[in-house]
Amino acid sequence: MLEIAIIGGGLCGLALANSLLAEKLPCAVFEARDRLGGRILTKIARNNGLALDMGATWYWPNSQPRITKLIDDLGLPHFAQHETGTLLSLKEADSPPQQIVLEDLHGGARRIEGGASSLIQALAARLPADMLHLEHPLSRLIDRGSHIELHFQHGQDAVVVNARQVVLALPPRLVEEVLAFEPPLNGQLRETLRETPTWMAGNAKLLASFGGPDGKAANGDTPAAFWRTAGHSGNASASHPRAVLSEVHDACDALGARAGLSAFFALAAPGRTAFRVGLPLLARSQLNQLFGAGAQDAELHIQDWAEEAQTCASLDRAGEAAHPEYAHPQLRIPYWNGRLHLGGSETAAYSGGYMEGALEAAGRLRRELLITRASQANATANPTANPACAS
């Protein structure tokens, strides 16, 4: 029987698996996708080799100690988000953008060289290969008293795994919407799971790469990051009702040689679905309006997280206008007599939705599992012991 099953191979699940391995607690990670990382996803541009972060990108050393320490411990190089130059503000659909001088827009944000997926790759490399099980979507959990019975689908095969402890390192809304529990979770917990938005799940991101790996534009010797040459930071916003992109940021590499811009779509998920075929053309048009004709030469990549079944629940498709409040206490306690644990960034005590929050949740889960192991050992030695956990 498996000691601990971790459901979800994102940052929380992988960080937890690493910490349990250090404690010599046997565990395995089960991931529904054919890749690890969850909302951390890096693609490589064909034209210039730039690492394109399609999901989580930034971290803040001045307020996020866990992710900062982990990146340093793993020896991953990092660099400050580029901000030199003016910010462009597009308030009218048919007018040129205003130029604004605004310092420290990103509050000291940094990026990981080679993309945020370098963090996932480094954590996964520390784990034995037989601990990681990709393409294993979970459908049902059954409380068998001494353990939990897990029902997965792997290709055409139904797979049943028994585990003494289970960690659901998944967005809370997906836990409630996708998974069946026997016995059912209590109504109050289910309501809390439904009311906890999955950060970024209803949104989409665009990455535009320019020029070649030598840092030059495709049509000559001019720098590919043409906005920098023009005195712009690469930061821009569009607030008029017809805007396709709501905000844009510089996405070049550390030296600015491999050039790129990142942007978030202003259109909600239903609008993106309706205009799917035309989205690249509309995005190019707005980039051109902001930065000039050089934007037409972009190689575009679009990641719509609302179309990711392993990220976005039906309630998430509306998106979130502002960062939600997280840290609900019901999501931070064990259930099923201490055998079932909830994780993921949305359960964090602080920085919920961010990479830092995923690591805070992983730290809490590690403590919970160690306490449970100690309680079980005590119960074996003292049969009258009865640890209190939520049902």
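Is there a residue in region 62-82 that is in a loop (DSSP other than H, G, I, E, B), free of Cβ contacts under 8 Å to residues at least 12 places away in the same chain and over 30 Å from E103 (Cα atoms)?
No - not one qualifying residue is present in region 62-82.
For region 358-391: of the residues being within 20 Å of P329 (Cα to Cα) and of a type in the set (S, T, N, Q), which is modelled with the lowest pLDDT?
If we take residues in region 358-391 being within 20 Å of P329 (Cα to Cα) and of a type in the set (S, T, N, Q), then S391 is modelled with the lowest pLDDT.
Which residues, counting only those in region 170-214, are surrounded by 15 or more Cβ atoms within 10 Å (Cβ to Cβ), small (G, A, S) and in contact with a strand residue (DSSP E or B) (Cβ under 6 Å, 6 or more places away or on another chain)?
A204, A208, S209, G211
Every residue in region 169-213 that is under 16 Å from L141 (Cα atoms) and part of a strand (DSSP E or B), please.
Residues satisfying the conditions are A180, F181, E182.
Any idea how many residues of region 295-333 are part of a loop (DSSP other than H, G, I, E, B) and either in contact with a Cys (Cβ under 8 Å, 6 or more places away or on another chain) or aromatic (F, W, Y) (or both)?
The qualifying residues number 2.
Residues in region 65-72: is at least one assigned by TED's automatic domain parsing to the domain that holds M131, at pLDDT 95 or above, of a type in the set (K, R) and surrounded by 14 or more Cβ atoms within 10 Å (Cβ to Cβ)?
Checking region 65-72: not a single residue is assigned by TED's automatic domain parsing to the domain that holds M131, at pLDDT 95 or above, of a type in the set (K, R) and surrounded by 14 or more Cβ atoms within 10 Å (Cβ to Cβ).
What are the pairs, 6+ residues apart or on separate chains, where a residue within region 93-113 that is within 17 Å of F291 (Cβ to Cβ) has its Cβ under 8 Å from a residue that is among the charged types (D, E, K, R)?
A93/R242; Q98/K91; L105/E83
Give me the residue from region 221-277 that is among the β-branched types (V, I, T), under 25 Å from S314 (Cα atoms) and surrounded by fewer than 18 Cβ atoms within 10 Å (Cβ to Cβ) and, out of that set, nearest to the chain's Cα centre (by Cα).
Step by step, filter region 221-277, then rank; the result is T273.
So R364 clears everything in (1) in contact with a helix residue (DSSP H, G or I) (Cβ under 8 Å, 6 or more places away or on another chain); (2) without any contact (Cβ under 8 Å) to a residue 40 or more places away in the chain; (3) within 13 Å of W199 (Cα to Cα); (4) not aromatic (F, W, Y) except one condition, right? Which one?
(3)
What number goes with the only condition from (1) of a type outside the set (G, A, S); (2) over 30 Å from G8 (Cα atoms); (3) not assigned by TED's automatic domain parsing to the domain that holds G231 that L282 does not pass?
(3)
Among what's in region 136-163 and is among the small types (G, A, S) and outside any loop (DSSP other than H, G, I, E, B), pick the residue that is surrounded by the fewest Cβ atoms within 10 Å (Cβ to Cβ).
If we take residues in region 136-163 being among the small types (G, A, S) and outside any loop (DSSP other than H, G, I, E, B), then A158 is surrounded by the fewest Cβ atoms within 10 Å (Cβ to Cβ).
Checking M1 against (1) crowded, with 17+ Cβ neighbours inside 10 Å; (2) touching a strand residue (DSSP E or B) at 6+ places or on another chain (Cβ under 6 Å); (3) closer than 25 Å to A169 by Cα; (4) not acidic (D, E): exactly one of these is not met. Which one?
(1)
Just for region 106-135: of the residues that are in contact with a His (Cβ under 8 Å, 6 or more places away or on another chain) and under 18 Å from L74 (Cβ atoms), which one is surrounded by the most Cβ atoms within 10 Å (Cβ to Cβ)?
In this case the residue turns out to be I112.
The values are calculated or read from the model by the stated rules, or taken from the named source; none is laboratory data. Bear in mind the structure is a predicted one, so any value in this text is a computation, not a measurement. Virtual Cβ from ideal backbone geometry, glycine too; neighbours counted across all protein chains shown.
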